[in-house]
Amino acid sequence: MKKAEMEKCIEKIPVLRDVRQEKETVWINPNKAKYEKSMENAELTKSDIEDAEKRFLRFAPCIMKRFPKTRNRQGLIESALTPIPAMKEHMNQVYGSRLEGELFLKEDNRLAIAGSVKARGGIYEVLKHTEDLALQHGLVEPEGDYGVLAGEEAKAFFGNYTIQVGSTGNLGLSIGIMGAAIGYKVIVHMSADAKQWKKDLLRSHGVEVVEYQSDYGKAVENGRKLSQQDAKSYFVDDENSRNLFLGYAVAANRLAGQLKERGIVVDGEHPLFVYIPCGVGGAPGGISFGLKQVFRDNVHCFFAEPTQAPCMLVGMATGLHHGIAVQDLGLSGMTHADGLAVSRPSGFVGGVMNTMLSGEFTVQDARLYDYMRDLLKTEGIFLEPSACAAFQGAAVLNKSHASIRYLKENGLMGRMGKAAHIVWATGGSLVPENIREEYKATFLPYR
Ligand SMILES: *Cc1c(COP(=O)(O)O)cnc(C)c1O
């Protein structure tokens, strides 16, 4: 993007000044519409999510055979919704967050198989592709027992096919572990930010890891190119995949069940606030899209991004979506939050979220480590730094002028005592012990 163009943009959209100066900021989406209206042009619907839910159910016998740890949830990959009252108390005391209502952690950090939110979208994408191939080649009947897909014969069949993906780490882990378990040859193209232990773990599952000295965009580009040269290779497109998106969206109905079990009501009197870390946008976008189908105007979805890589904020605020990168604003795109180190957002997700998202919070890297230590101390739960970005939403909602205005304009001020807040913990359980120790001892300067 040209410099002069950028200056004009910044003049029109004041939040970009803060963004450019690497300040933590709150952006409220001016295009948010009522649920009914927001769905008018949506290319995906509630029935697409139901279709994905059913596919997960069909595969449950296969998943249980390959991953016996999923038996306690009957082969479904799902996480607990955990109240974190001590963390809430801590945030109010130490950060002056004035948080009312109940605070929960959605523990995707403990999701089976991949230990991160990517166990939703990534695994779903592998399953969808597997079903397509299996039906096409008569390995299963449409309503048959998918348990056979965990057999040795099926494994040998899928060994003729390749799956490739570009990743900053966690998507590669999810696709790699699941793909290898089904029997595929998996090639993961990893950007420079990807952590060594993730590469090692993948290789231990027999996955081929290709390393790049450049950023995520390059890894994706090259992976796609190589995949296109092989008719038996399937490329998982993190930026545009409807399958990934739907895999994430399945979280919503299941969460509704968990809230009900806990007696948490969501309606006009009892608002639900959800805070989700955002990288390229698929995970938070899919989850939010699903939540909107269930709770409509009573759920308020916010994304959180690092101050150095707020690509979705920049894309949505300018309306340029995939047409702008954080480097256009002079930011580096480099962050300790490796799962969020994305410079250019998904245009597909930005388009869907344009009328659904409530807003965005940005957070500096130093704070991620503090939130991480806070949660460990108050609740005994470990998250990776990327996942901790979501706490910024709960910490700042009742403090920033922009978000307080949002609460007023939506008639929520008098209802905050009856609110539920969900911090979406997107990853952490696979982080090795020595790396956890490193994280715990990391203190970055605040700017
Ligand atoms: C991938 C990831 C996200 C964000 O998901 P996107 O689809 O890239 O937006 C958030 N947290 C963690 C830990 C992740 O790995």
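The values are calculated or read from the model by the stated rules, or taken from the named source; none is laboratory data. All of these numbers come straight from a predicted model, not from anything done at the bench. Counting neighbours? That spans all protein chains shown, and the Cβs are built from the backbone with ideal geometry, glycine included.
When both residues are 6+ apart or on different chains and their Cβ atoms are under 7 Å apart, which pairs have a first residue that lies in region 370-390 and is in contact (Cβ under 8 Å) with a residue 24 or more places away in the chain, and a second that is in a loop (DSSP other than H, G, I, E, B) and among the small types (Gly, Ala, Ser)?
From residues that are in contact (Cβ under 8 Å) with a residue 24 or more places away in the chain, the pairs are Phe382/Gly428; Leu383/Gly428; Glu384/Gly428; Pro385/Ala337; Ser386/Ala337; Ala387/Gly428; Ala389/Ala337.
Out of all the residues in region 89-114, which are in contact (Cβ under 8 Å) with a residue 40 or more places away in the chain, surrounded by 16 or more Cβ atoms within 10 Å (Cβ to Cβ) and in a helix (DSSP H, G or I)?
Of everything in region 89-114, those that are in contact (Cβ under 8 Å) with a residue 40 or more places away in the chain, surrounded by 16 or more Cβ atoms within 10 Å (Cβ to Cβ) and in a helix (DSSP H, G or I) turn out to be His90, Met91, Tyr95, Asp108, Asn109, Arg110.
Condition (residue is at pLDDT 95 or above, surrounded by fewer than 18 Cβ atoms within 10 Å (Cβ to Cβ) and over 27 Å from Gln364 (Cβ atoms)) applied to region 23-34: is it met by at least one residue?
There is at least one residue in region 23-34 that is at pLDDT 95 or above, surrounded by fewer than 18 Cβ atoms within 10 Å (Cβ to Cβ) and over 27 Å from Gln364 (Cβ atoms).
Here are Gly122, Gly96, Gly138: which of them is within 16 Å of the ligand (Cβ to nearest atom) and modelled with pLDDT of 95 or more?
Working: Gly96 fails: within 16 Å of the ligand (Cβ to nearest atom); Gly138 fails: within 16 Å of the ligand (Cβ to nearest atom).
Step by step, each of Gly122, Gly96, Gly138 is checked, and only Gly122 is within 16 Å of the ligand (Cβ to nearest atom) and modelled with pLDDT of 95 or more.
How many residues does region 347-357 contain that are surrounded by 23 or more Cβ atoms within 10 Å (Cβ to Cβ) and either assigned to a loop (DSSP other than H, G, I, E, B) or more than 14 Å from the ligand (Cβ to nearest atom) (or both)?
Residues in region 347-357 being surrounded by 23 or more Cβ atoms within 10 Å (Cβ to Cβ) and either assigned to a loop (DSSP other than H, G, I, E, B) or more than 14 Å from the ligand (Cβ to nearest atom) (or both): 1 in total.
In region 159-189, how many are surrounded by 24 or more Cβ atoms within 10 Å (Cβ to Cβ) and either within 16 Å of the ligand (Cβ to nearest atom) or among the aromatic types (Phe, Trp, Tyr) (or both)?
The total comes to 17.
Among the residues of region 370-384, is there at least one that is at pLDDT 95 or above, surrounded by fewer than 23 Cβ atoms within 10 Å (Cβ to Cβ) and within 16 Å of the ligand (Cβ to nearest atom)?
First, pick out the residues of region 370-384 that are at pLDDT 95 or above: 370-384.
Checking the rest, the ones that are also surrounded by fewer than 23 Cβ atoms within 10 Å (Cβ to Cβ) come to 370, 373-374, 376-382.
Of the ones still in play, those that are also within 16 Å of the ligand (Cβ to nearest atom) are 381-382.
Checked against the condition, which is being at pLDDT 95 or above, surrounded by fewer than 23 Cβ atoms within 10 Å (Cβ to Cβ) and within 16 Å of the ligand (Cβ to nearest atom), region 370-384 yields at least one hit.
Within the bounds of region 252-266, is there any residue that is within 16 Å of the ligand (Cβ to nearest atom), of a type in the set (A, V, I, L, M, F, W, C) and modelled with pLDDT of 95 or more? Before you say what the answer is, go through the steps one by one.
Kept after step one, since they are within 16 Å of the ligand (Cβ to nearest atom), are these residues of region 252-266: 252.
Next, only the ones that are of a type in the set (A, V, I, L, M, F, W, C) stay: 252.
With the extra rule that they be modelled with pLDDT of 95 or more, the set shrinks to 252.
Yes, region 252-266 contains at least one residue that is within 16 Å of the ligand (Cβ to nearest atom), of a type in the set (A, V, I, L, M, F, W, C) and modelled with pLDDT of 95 or more.
So which residues in region 276-329 are out of contact with any helix residue (DSSP H, G or I) (no Cβ under 6 Å at 6 or more places or on another chain) and on the phi > 0 side of the Ramachandran plot, if there are any at all?
Gly319
Residue-by-condition table, conditions (1) assigned to a helix (DSSP H, G or I); (2) under 22 Å from Ile381 (Cα atoms); (3) touching an Asp or Glu at 6+ places or on another chain (Cβ under 9 Å):
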residue: Glu24; (1), (2), (3): no, no, yes
residue: Trp27; (1), (2), (3): no, no, yes
residue: Asp51; (1), (2), (3): yes, no, no
residue: Ile63; (1), (2), (3): yes, no, no
residue: Ala86; (1), (2), (3): yes, yes, yes
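Is it the case that region 269-283 has a residue that's without any contact (Cβ under 8 Å) to a residue 24 or more places away in the chain, more than 18 Å from Met39 (Cα to Cα) and more than 13 Å from the ligand (Cβ to nearest atom)?
Of all residues in region 269-283, those without any contact (Cβ under 8 Å) to a residue 24 or more places away in the chain come to none.
No, region 269-283 has no match at all.
What's the total number of residues in region 232-241 that are within 13 Å of the ligand (Cβ to nearest atom) and either free of Cβ contacts under 8 Å to residues at least 40 places away in the same chain or outside any strand (DSSP E or B) (or both)?
Applying the first criterion (within 13 Å of the ligand (Cβ to nearest atom)) to region 232-241 yields 236-241.
Remaining after also requiring either free of Cβ contacts under 8 Å to residues at least 40 places away in the same chain or outside any strand (DSSP E or B) (or both): 237-241.
Summing the residues that are within 13 Å of the ligand (Cβ to nearest atom) and either free of Cβ contacts under 8 Å to residues at least 40 places away in the same chain or outside any strand (DSSP E or B) (or both) in region 232-241 gives 5.
Give region 256-310 a look and list any residue that's part of a helix (DSSP H, G or I) and more than 26 Å from Ser386 (Cα to Cα), or say none.
Within region 256-310, the subset part of a helix (DSSP H, G or I) is 256-261, 282-298.
Of everything in region 256-310, those that are part of a helix (DSSP H, G or I) and more than 26 Å from Ser386 (Cα to Cα) turn out to be Gly257, Lys260, Glu261, Gln293, Val294, Phe295, Arg296, Asp297, Asn298.
Can you tell me how many residues in region 180-200 are among the aliphatic types (A, V, I, L, M) and within 21 Å of the chain's Cα centre (by Cα)? Write out each step before concluding.
Within region 180-200, the subset among the aliphatic types (A, V, I, L, M) is 180-182, 186-188, 190, 192, 194.
Checking the rest, the ones that are also within 21 Å of the chain's Cα centre (by Cα) come to 188, 190, 192, 194.
Result for region 180-200: 4.
Quick check: is even one residue across region 148-158 within 16 Å of the ligand (Cβ to nearest atom) and among the aliphatic types (A, V, I, L, M)? Talk me through it step by step, then tell me what you get.
Within region 148-158, the subset within 16 Å of the ligand (Cβ to nearest atom) is none.
No, region 148-158 contains no residue that is within 16 Å of the ligand (Cβ to nearest atom) and among the aliphatic types (A, V, I, L, M).
Of (1) in a helix (DSSP H, G or I); (2) touching a Lys or Arg at 6+ places or on another chain (Cβ under 9 Å), Ser79 satisfies all except one. Which?
The one condition Ser79 does not meet is (1).
If I ask for residues that are part of a helix (DSSP H, G or I) and within 13 Å of the ligand (Cβ to nearest atom), which ones from region 323-346 would you list?
The initial filter retains those residues of region 323-346 that are part of a helix (DSSP H, G or I), namely 323, 326-329, 338-340.
Of everything in region 323-346, those that are part of a helix (DSSP H, G or I) and within 13 Å of the ligand (Cβ to nearest atom) turn out to be Asp338, Gly339, Leu340.
Since Val299 meets every condition but one in (1) surrounded by 20 or more Cβ atoms within 10 Å (Cβ to Cβ); (2) under 30 Å from Lys23 (Cα atoms); (3) within 15 Å of the ligand (Cβ to nearest atom), which condition does it not meet?
In the conditions (1) surrounded by 20 or more Cβ atoms within 10 Å (Cβ to Cβ); (2) under 30 Å from Lys23 (Cα atoms); (3) within 15 Å of the ligand (Cβ to nearest atom), Val299 misses (3) alone.
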